[in-house]
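Values in this text are rule-based calculations from the coordinates and carry no lab data. Model, not experiment: these values are computed from the prediction. For neighbour counting, all protein chains shown are included, and Cβ atoms are generated from backbone atoms with ideal geometry for every residue, glycine included.
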Amino acid sequence: MLLRAILSLIAGLLPLAAMAHDLESLRNQAEQNPAALARLRQAAVSQNADAAFYLGTLYSPLIIRQESTVVKGWPEALRWYRRAAWLGSARADFDMGLAYEKGLGVPENPQRAAAYFSRMAAVARIETALPPSASFAIGHHTGIHKD
């Protein structure tokens, strides 16, 4: 019975993993291909957290690859990271926390950074099905107010 439940859970997660991989591939194509960028943007606007996160990575001045379809800049990167975080992306919460911790495109704000990091831990705990005690090193989930 337990094995069946585990297999069912894994089967349910496989399409999500495939979709995330497809979006990462689309992100990579969007570096050079305006049509791919438009598809990625449409997915992000349609409330897809992973697509919004990948758009943030395209605009991030810290990630330099072969992007020719976008102009790098913090305002646009943070716009998409905020949207992805709002949609539940732990990776976007991490990047927003880092931005506030280091003052990357926003004024340094340790409290706001801690809130994003805390929410990242809470989302990651849910995504990995870890018990609440797993966040002891980071602290309690405090929530984040909209910027």
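Here are a few things to note about the model shown:
- S89 long-range amide H proximity, modeled H, under 5 Å: none
- Nearest-0.05 FRET efficiency for A35 and E108, computed from C-beta distance (R0 41 Å): 0.60
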